[in-house]
Amino acid sequence: MFVLSQLYEIADDRDLPPDARGEGSGLRYFAKARHRAAEPDEPVDRASDEEVLALLRACRNARDRFIVLLLARAGLRRSEACGLRRQDIHFVLDASGLGCRVPGSHLHVVRRDNDNGAMAKSKRSRAVPVDFLLVQAYDQYVTERDGCPMARDSDFVLVNLFRPPLGAPMPPAALNDLFDRLSRRAGMKDGVHPHALRHAFASNAADAGAVLDEIADLLGHASPSSSQVYLQPDPQRLRAAVERVAALAPRRNT
């Protein structure tokens, strides 16, 4: 009997009224699930819009502002950001002259073996549309970068400008150090991790009306189910959803 209780669940409908019983009523045995998927109790960290603004205010140069916006407005992973090459940046309305058919300003995430250890997670390249804020931040960074002679010949987008080795590509770990410094300057007790800005990008895209398959493509996920953990709806969007349902409910004439 002990073995049966471990392997099976017992269903008993003998106490139900006759009309509620199905055919073959009585004791029945159902096999128990061998594994139960654990659901996380806490949501994945998402940087709030206020935290992103605080990080931007804490930046002391154009490069760091560009990095913050690159993660928050394009949803890149830190390795993807550090692996960007200048040829991946198509911040023009028409890139056909560059041999690219993707319309509008965008950047390309390409998996490569880079000297700085940065490598895109997905083998599949993707194009990520960008907005005018990121384009403007990049233009300011390029002007700043041109002031460092050792950086001019580097094909990497993100390079060391303020500490040796000057002109060398930034490794992914450098972004962790940068966000630690920015968080301290901004007075954030817990700090903001670079990946939290990627979560913010996905959640903000959902709040703006993007559907799951669109968000998966933007993030570079092979399956939309991989993007589900990033979606943390704004409370106002949840309320709006409930109000839309209520608006569809039929009303009785009084």
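Quick notes on this structure:
- Residues that are closer than 20 Å to CYS82 by Cβ and buried (at least 18 other Cβ atoms within 10 Å of the Cβ) within region 43-57 comprise ALA47, VAL52, LEU55, listed in sequence order.
- Some residue of region 221-239 being farther than 27 Å from GLU50 by Cβ, at pLDDT below 70, of a type in the set (Val, Ile, Thr) and exposed (fewer than 15 other Cβ atoms within 10 Å of the Cβ): no
- Residues of region 139-179 that turn out to be open to solvent by 10 Å² or more (accessible area, probe 1.4 Å) and touching a His at 6+ places or on another chain (Cβ under 9 Å), as a count: 1
- Restricting attention to region 76-102 and to residues that are closer than 20 Å to ALA173 by Cβ, of a type outside the set (A, V, I, L, M, F, W, C) and in a loop (DSSP other than H, G, I, E, B), the residue that is most open to solvent (accessible area, probe 1.4 Å) turns out to be ARG77.
- Subset of region 180-192 [at pLDDT below 95 and open to solvent by 60 Å² or more (accessible area, probe 1.4 Å)]: LYS189, ASP190
- Residues located in region 113-126, provided they are of a type in the set (D, E, K, R) and either over 20 Å from ASN160 (Cα atoms) or open to solvent by less than 40 Å² (accessible area, probe 1.4 Å) (or both): LYS121, LYS123, ARG124, ARG126
- Pairs, first over 15 Å from MET119 (Cα atoms) and among the hydrophobic types (A, V, I, L, M, F, W, C) in region 153-165, second part of a loop (DSSP other than H, G, I, E, B) and open to solvent by 20 Å² or more (accessible area, probe 1.4 Å), C-beta under 7 Å, six or more apart: VAL159/ALA168
The values are calculated or read from the model by the stated rules, or taken from the named source; none is laboratory data. Predicted model, so just to flag it, every value in this text is computed and none were measured. Heads up, the Cβs are rebuilt from the backbone with ideal geometry, glycines too, and the neighbour counts pull from every protein chain shown. SASA here: full protein model, heavy atoms, side chains in, ligands and nucleic acids out. Shrake-Rupley method; radii C 1.70, N 1.55, O 1.52, S 1.80 Å.
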